[in-house]
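Enquirer: This is the structure I want to talk about, given as structure tokens.
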Amino acid sequence: MNPGTLLLASAASFVASIVAGNRYARAWLTLTLTGVFAGLSAALIVLLGTTDWEWRSTLIVGGQLVFLRLDGLSALFLVLVSVVGGAGAVYAHEYWSEDDYPTSAPRGRMWWSGLVLSMGLVLTIVNGLHFLIAWESFAICAYFLITLDRQRRAVRAAGWLYLAASHAGTVALFAFFASLAARTGSWELGPLRDHASLAPLFWLALFGFGVKAGVFPLHFWLPDAHANAPSHVSAVMSAVAIKMGIYGIVRFSGWLPMPAAAGWVVIALGATSALLGIAFAFAQDDVKRLLAYCSVENVGVIMIGLGGAMLAAAHGHASWGLLALSGALLHVWNHGAFKALLFFGAGSVLHATGTRTMSRLGGLWRTMPWTTGMFAIGAVAVSGLPPLNGFVSEWLVYLGLLDAVVSKGPAAWAAMPAIIMLAMAGALALASFTKAGALIFLGSPRTQAAAAAHESGRWMRLPMLTLAALCIALALVPVLFWPAVARAVNAWDTSWPPAAVPNSLTSIGRTQVALALAAVAATFLLLHKVRTNGLRRGLTWDCAYAAPTAHMQYSSGSFAGIVVGWFAWILRPQGIVRRPRGLLPLKAFRIGHNPETVLELVIGPVSRVIVQASRTASRLQHGNLQAYILYVIAALVALGSVAWLAGTP
């Protein structure tokens, strides 16, 4: 079937779902799933084919003809939008049901459809003015989804922060597209690499799209928004919405001529985001904030691969540039799958216990075995460990960087520190999710809410199972997905030769299958031994305490204390401590807080200074006409003085 027909059916389904969403939950879900399946089919046809889809219409919007295109790169991102958009819709049917949220659930359904439709338009529009309209629609829909639970002050604050940051990025993008149109004489977008004068505009695009992507230090809006939004919204924001920023950077780094420093800056931003993002994640006690900061780290991984590809293109090294960019684009899919899975798992925990605080949980594996298993799969994947999918894409990025080092060119000076920082980020990711898994699911329940937890229903389990299966498929048969990734790479730089399947990718797939089979066999063997020999339960070593309690378990702060100390220069940990007093102390405690450093210690103080200056300046507006005339005279004198001084030899 023609991709255009499928995209039209997808758009029509989403428009109908917006209309139906306010009153008919099942009709909305049916229409939404129809829309995502149609969009997914169109994207796969383009990815697995050899030609792009284009549609030039006679319809005029804002004085510009509507022009749509779906090529390999936009199709790769559209697959992610479709998969997570459909999974989130099914998940929300139970998680944010009309029985529990009679007022906000109908609104949430409408804004969800609007969000997915807007992101689809962002990926297919090739007109700068229309792109900005779709981009703004996307931002507004995301704001109303983040603030569905608007009765809570923290939610409203997170929503306003997201909206302010998003519009700061949009201002930069408006300047970017307007400058592009002014210099080329058209709002139409496409390859412009032969226009060398356009290169400086890339910095505007990097800032505007970098805000949406959550690149450090432009990530300051992300932790609050992702933590306070409903969990299915957090999933789509982290897995898909921030990828729209990545899409913009990838797209225009391929279409525009690049400044000489662009590749160096992008790879440096990526390495910084990867390391500091996961350092902030490790310090969190809120599981959703941990996952949010982890998204900053994974955006960094993608940026490292993209920066490596930009350096390769600049220095004529297509071989390792292909590997780096392929790893980055495959990580777009991998991160989307396992991060949505993890947020769904966190939502299941929140749904069952009413808390996101890990130090108030524990022992949930007994009452929530499905959620525990799905979260474990996501945790292994996000840690970049074999035999799951996070390892595959990160391995390709490593291969590209290592080849850059071996080539001994100028890019080696960027690749070497990037490899080191990426390895450090991987170690901290493993530590972060060891902590999260242990505090939430292992040990003993720390509160009554944790002890009374219950497993989620089938509407929430089905999307988690689907995403877990996708993570496993991406891990065990990565060669199956290579043609789609290679098609997207070719859309980024058509001068590069078609990318053959790397030999190492085939070897990795076989090794991953062997490891997975060994893990399954070991699990069955262990279960067989337990059933044969019986299971004996007893207390672990309790350090000679006569009456051990659940409060004697590791807390989030004690687990992360050493690493937080290493990164205290950027984390700026704060705390209140009451030390034990006397021979038989009855009470002692330590309350820790890790601020969002960029927001609370940089943007906050600067904003307060600006507000104070504005209030001071407002005193000049007092309605006195004589004073206003004096202001004009003073301004003329000042301008005259400047002009006179400028003309003096």
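The values are calculated or read from the model by the stated rules, or taken from the named source; none is laboratory data. Keep in mind that this is a model prediction, so the values were computed, not measured. In this analysis, Cβ positions are derived from the backbone assuming ideal geometry, glycine residues included, and neighbour counts consider all displayed protein chains. For the accessible areas, the whole protein counts, side chains as well, though only heavy atoms, and no ligand, DNA or RNA atoms are used. Shrake-Rupley method; radii C 1.70, N 1.55, O 1.52, S 1.80 Å.
Enquirer: If you rank Trp365, Trp160, Trp413 by how much accessible surface each has, with a 1.4 Å probe, what is the order from largest down?
Expert: So, going from the largest accessible area down, we get Trp413, Trp160, Trp365.
Enquirer: What shape does segment 1-229 have by the C-alpha gyration tensor, where a ≥ b ≥ c are the square roots of the eigenvalues, rounded means a/c under 1.5, and otherwise prolate means a/b greater than b/c and oblate the rest?
Expert: oblate
Enquirer: Report the net charge of residues surrounding Ala436, where surrounding means a beta-carbon distance below 12 angstrom and charges are Lys +1, Arg +1, Asp -1, Glu -1.
Expert: +2
Enquirer: Tell me the net charge near Trp135. Cut-off is 15 Å between Cβ atoms, Trp135 excluded, with +1 for each Lys or Arg and -1 for each Asp or Glu.
Expert: For residues surrounding Trp135, the net value is +2.
Enquirer: Kindly count the pairs of lysines across the chain whose alpha carbons are less than 22 Å apart, treating pairs on different chains or eight or more residues apart as eligible.
Expert: 8
Enquirer: Quote the accessible area belonging to Ser393 in square angstrom, nearest 10, computed with a 1.4 Å probe and with ligands, DNA and RNA left uncounted.
Expert: 0 Å²
Enquirer: Still on this structure: Under a 1.4 angstrom probe, counting protein chains only, how are His315, His219 ranked by accessible area, largest first?
Expert: In descending accessible area the options line up as His315, His219.
Enquirer: I'd like the accessible area for Glu54: 1.4 Å probe, protein heavy atoms, all chains in place, Å² to the nearest 10.
Expert: 100 Å²
Enquirer: Between beta-carbons, use under 15 Å as the cut-off and find the net charge around Val479, counting Lys and Arg +1, Asp and Glu -1.
Expert: Neighbour charge sum, excluding Val479 itself: +2.
Enquirer: Now a separate question. What whole-number value in Å² describes the accessible area per residue of segment 1-229 for a 1.4 Å probe?
Expert: On a per-residue basis, segment 1-229 sits at 39 Å².
Enquirer: Determine how large the accessible area of Ile60 is when every protein chain is in place; take a 1.4 Å probe and give Å² rounded to the nearest 10.
Expert: My reading of the accessible area for Ile60 is about 110 Å².
Enquirer: With just the Cα atoms defining each centre, how far is segment 37-68 from segment 496-513? Give it in Å.
Expert: That distance is 31 Å.
Enquirer: Follow-up. Quick one: check the C-alpha center-to-center distance for segment 550-605 versus segment 422-454, whole angstrom.
Expert: Value for the Cα centre distance between the two parts: 18 Å.
Enquirer: Now, a different point. Can you send over the carbon and sulfur percentage of the accessible area for the chain, probe radius 1.4 Å, protein chains only?
Expert: Carbon plus sulfur share of accessible area: 67 percent.
Enquirer: For Ile576, Ile267, give me the order by solvent-accessible area with a 1.4 Å probe, most accessible first, ignoring ligands, DNA and RNA.
Expert: Ile576, Ile267
Enquirer: Return the loop-located chymotrypsin sites (Phe, Trp or Tyr not before Pro) in segment 454-543 (DSSP other than H, G, I, E, B) with at most 10 other Cβ atoms within 10 Å of their own Cβ; answer none if there are none.
Expert: Those that pass, being in a loop and sparsely packed, are Trp541.
Enquirer: Kindly provide the trypsin sites (Lys or Arg not before Pro) of segment 457-548 that DSSP labels as loop, not H, G, I, E or B, and whose Cβ sees at most 13 other Cβ atoms within 10 Å.
Expert: Answer in residue order: Arg536, Arg537.
Enquirer: What percent do you get for the relative contact order of segment 290-397 when only Cα pairs under 8 Å and 6+ apart count?
Expert: For segment 290-397, the relative contact order is 31 percent.
Enquirer: Something else now. Among rounded, prolate and oblate, which fits segment 260-529 when a ≥ b ≥ c are the square roots of the eigenvalues of its C-alpha gyration tensor, a/c under 1.5 means rounded, and a/b larger than b/c means prolate?
Expert: prolate
Enquirer: In square angstrom, what is the accessible area per residue of segment 238-290 with a 1.4 angstrom probe?
Expert: 15 Å²
Enquirer: What accessible area per residue comes out for segment 306-429, rounded to a whole number of Å², with a 1.4 Å probe?
Expert: I get 29 Å² per residue for this part.
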